[in-house]
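Trainee: The structure follows.
Only the coordinates and a few stated rules stand behind these numbers; no lab work does. Quantities reported herein were computed from a predicted structural model and do not represent experimental measurements. Heads up, the Cβs are rebuilt from the backbone with ideal geometry, glycines too, and the neighbour counts pull from every protein chain shown.
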């Protein structure tokens, strides 16, 4: 079987810096650009909020909007932006979909009320009461809004994407493997167009109670990734990216402008039981991708999360790479977990399309080049190493 | 040996299963063929105030009640170990391929929430987050990637484990991803597993609120009634199945026993409603037809269908529509394992693929039990109540999920 070339023809991007690829690119290209922060909603945590979105433009039915909470709405909105950008609205029936998902919002008030009433009671007393409080308090729609696979379900319902639907779980790694498998299927001829991406809302106490015990969240005022003293820390950021992938032949045949080529995606999961394992995993992935690197300047969009140990491992790998420039989006956007990798691939595609990199985003960022190739790195906060290699449309 | 699309054939060389009927492939299969039910009253937690108080649970080991991800991991681990023992591939702690894990999305459960509130002397989220330190173990327990990571470490699978959910089609999607990886030549072998261990109060309440569950609490063994006139919903259940998938040629070359083939997979998403199929049945039909086309078969070559058969009024009606539309006036027999083991949700697609392969191995159709009164709107041969010997070369296994995610697999005997 001949492997077909895969190209990116549509980007739907939302971050704390703005709604859409244009707004984000303008903000990231501004040398005086600054992060957008929310230090009150989940104080003492400083987080990157998602801007207000004109939801009606992408989710026209209010009934659909009501069936979702912010996380699913954000993903469904960004997916629509990607379809519009690719001019692919009429191709959704046979479009394949892979979403990288966490979980949707819980009912915070109900959780707090139940825990407050029952936590101190003996289990034989609290058990029956818990059943009663949940049965009377939970809203049926909230179950659907919370279900991981229903971001994909809503994208099918709202936008009509029905070729297939898969949802990957597993924090950062889910985003990278969603992209890898979506591209691999197209490359071997399983369909000709796919939609892949994810969304993340940072300003959620129900996520902080999960990520907090990971021990890797940054506690303190805003600082760029390189300025977070050992052992570093993660500042979560709301963001979403969906990408329309196509075989090059399919894109050319329908006259769709190619934003960038996706030359390869590779993933691994080192056990991280000793220093150097993540770095070695990244080096192994690069061995697989390096032969596909387009000639010319190579830039890196770093997936550094802010966590110090992962940053050191990635730094060790990048030191051997000899890239001409590095950008660290987490210093401006925060860390978007499941959505992060596809957001960074979207930035790489925009850089290739526009022939320029964002302005330096972190004091440690280096190089100013018009990249011919961009390597996107992904480092899970706990597990997962990923690389994606892109090149310009004309390469 | 290639299939009709020029892809490597994919063989199954190992199967492991655990359900409410018991631990292990042969015990499960014997009890399924005997028409036994694994559905009982829930004893894991108090059931006062619940509309549904029955389920197909798998008991935890003696000790504290496990959280869902820990239970899911325990069940998956058992199934993988049994499958590996049959396949005789790799060495302990070293499997020469990746892991595809279908499992439910998990969330911090109430005992852990109560513990945080007690530590914080307050129940507000900010107070709980302030005391939610690493030693609580919450992150690694409830991380979506946590179960896959621990299984990958235990069995020494290669590369990043893939964890996925497509609701009630999850187990079938895991198999499909594994099959595709072999077809693409990314690996010669892999483990595909679907596991489910989430019978806990909040999950039961949530499914109850969707009016999805049977409330026939008085007679648990007779509550799951797929395709039967008085069916009133599905019964939540737990379990796991694992398949060792291999490139057929390399499996033959190493002298492996071939249990059967995964000949094809088809999927189609529905865009109608979050919990209901489009009444036009297009997505279900599309998944079934895509699976046939992927396998290179005509409808008449399917000898038996392992149905999704949940026992909800809606599913069984739509599945009947699909059966008649795809297979015409004389569809092949269809039976529902869920009549005995309940709806194992994220595990169902994998368990039912496993039992489809055993159907082929033993040339025996497992029954649909509790089939007392036929539903005139379901004119299907559901293998009522008693197993039946039959000549079976090709089986279709259906999985239709909430959120409109539909997957059908075609399982086949080894080519003669």
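Trainee: Let me check against my output: what whole-number percent is the relative contact order of the range B:195-238, with C-alpha pairs under 8 Å and at least 6 apart?
Mentor: Reported relative contact order: 46 percent.
Trainee: Moving on. At residue A:136 and residue A:229, where each label point lies 7 Å from the Cα along Cα→Cβ, what is the point-to-point distance in nanometres?
Mentor: With each label point 7 Å from Cα toward Cβ, the separation is 5.2 nm.
Trainee: Per residue, what volume in Å³ does the convex hull of the Cα atoms of the range A:142-285 enclose?
Mentor: About 169 Å³ per residue, rounded to a whole number.
Trainee: Could you run the Debye sum over the Cα atoms of the range A:107-151, one equal point scatterer each and no solvent, and tell me log10 of I(q)/I(0) at q = 0.13, 0.21, 0.33 Å⁻¹, two decimals?
Mentor: -0.34, -0.73, -1.14
Trainee: Further question on the same structure: Project the alpha carbons of the range B:336-398 onto their principal axes and report the range along each, largest first, in whole Å.
Mentor: Cα spread of the range B:336-398 along its principal axes, largest to smallest: 30, 30, 17 Å.
Trainee: Compute the acute angle (0 to 90°) between the alpha-carbon long axis of helix A:277-289 and the principal axis of greatest extent of the alpha-carbon atoms of chain A; round to the nearest 10°.
Mentor: So the inclination is approximately 50 degrees.
Trainee: Still on this structure, I have one more. Build a GNM of chain B with springs between Cα atoms under 10 Å: which of B:152, B:350, B:55 gets the top mean-square fluctuation?
Mentor: B:152
Trainee: Kirkwood Rh and Cα-based Rg: tell me the resulting Rg over Rh for the range B:254-370, rounded to two decimals.
Mentor: Rg divided by Rh gives 0.96.
Trainee: Would you please state the base-10 log of I(q)/I(0) at q = 0.21 1/Å for the range B:1-43, with intensities from the Debye formula using one equal scatterer on every alpha carbon?
Mentor: -0.71
Trainee: Right, something else. Within 10 Å of each Cβ in peptide B:153-164, how many partner chain Cβ atoms are there on average? Round it to a whole number, please.
Mentor: 6
Trainee: Would you mind computing, in nm to one decimal, how far apart the modelled labels at residue B:153 and residue B:186 are, each placed 7 Å from Cα along Cα→Cβ?
Mentor: 2.3
Trainee: Ok, one more. Round to the nearest 10 and give me the degree value, 0 to 90, for the angle of helix A:108-118's Cα axis relative to the longest principal axis of chain A.
Mentor: With both axes taken from Cα atoms, the answer is about 40 degrees.
Trainee: Same structure, new question: Take the Cα gyration tensor of the range B:242-285, multiply each eigenvalue by 5, square-root it, and list the three semi-axes largest first, rounded to whole angstrom.
Mentor: Calculated on Cα positions only, the semi-axes equal 38, 10, 8 Å.
Trainee: Of the beta bridges DSSP finds with both residues in chain B, what % are antiparallel, to the nearest 5?
Mentor: Within chain B, antiparallel bridges account for around 70 percent of the total.
Trainee: Take chain A, connect every pair of alpha-carbon atoms lying under 10 Å apart with a spring to form a Gaussian network, then pick out the residue of A:156, A:29, A:16 with the largest mean-square fluctuation.
Mentor: A:29
Trainee: Also: Can you bin every Cα-Cα distance in the range A:34-154 into 5 Å intervals starting at zero and give me the percent of pairs per bin, rounded to whole numbers?
Mentor: Percent of pairs per bin, in order: 2, 9, 14, 15, 17, 15, 11, 8, 5, 3, 1, 0.
Trainee: Which of rounded, prolate, oblate describes chain B, given a ≥ b ≥ c as roots of the alpha-carbon gyration tensor eigenvalues and a/c under 1.5 marking rounded, otherwise prolate only if a/b is larger than b/c?
Mentor: oblate
Trainee: For a footprinting-style exposure proxy, rank B:304, A:211 by other Cβ within 10 Å, fewest first.
Mentor: In order of increasing Cβ crowding within 10 Å: A:211, B:304.
Trainee: Still on this structure: Counting DSSP beta bridges with both partners in chain A, what percentage is antiparallel, nearest 5?
Mentor: So the antiparallel bridges in chain A amount to around 65 percent.
Trainee: Given the C-alpha centroids of the range B:30-76 and the range B:264-283, what is the distance between them in whole angstrom?
Mentor: Here the two parts' Cα centres lie 30 Å apart.
Trainee: Using bins 10 angstrom wide from zero, how does P(r) for the protein assembly as shown break down, in % of all Cα pairs?
Mentor: So the P(r) values, bin by bin, are 3, 15, 26, 27, 19, 9, 2, 0.
Trainee: Using only alpha carbon pairs under 8 Å that are at least six residues apart, calculate the relative contact order of chain A and give it in whole percent.
Mentor: RCO, chain A: 24 percent.
Trainee: Mind checking the alpha-carbon convex hull of the range B:1-136 and giving the volume per residue in Å³?
Mentor: 230
Trainee: Taking N as the number of residues in chain A, what is its alpha-carbon radius of gyration divided by 2.2 N^0.38 Å?
Mentor: Normalised by 2.2 N^0.38 Å, the Cα Rg of chain A equals 0.97.
Trainee: Hey, another quick one. What is the Cα centroid distance between the range B:366-416 and the range A:233-295, reported in whole angstrom?
Mentor: The distance from the Cα centre of the range B:366-416 to that of the range A:233-295 comes to 41 Å.
Trainee: Which FRET efficiency value, to the nearest 0.05, do you get for residue A:109 and residue B:314 by plugging their Cβ-Cβ distance into 1/(1 + (r/R0)^6) with R0 = 30 Å?
Mentor: For R0 = 30 Å, the calculated efficiency reads 0.40.
Trainee: Which residue fluctuates the most in chain B, going by a Gaussian network model with Cα springs under 10 Å, if the choices are B:103, B:396, B:318?
Mentor: Of B:103, B:396, B:318, the Gaussian network model singles out B:318 as fluctuating most.
Trainee: If you wrap a convex hull around the C-alpha atoms of the range B:108-257 and split its volume per residue, what is the figure in Å³?
Mentor: It is 182 Å³ per residue.
Trainee: Given Cα pairs under 8 Å that are at least 6 residues apart, what percent is the relative contact order of chain B?
Mentor: 24
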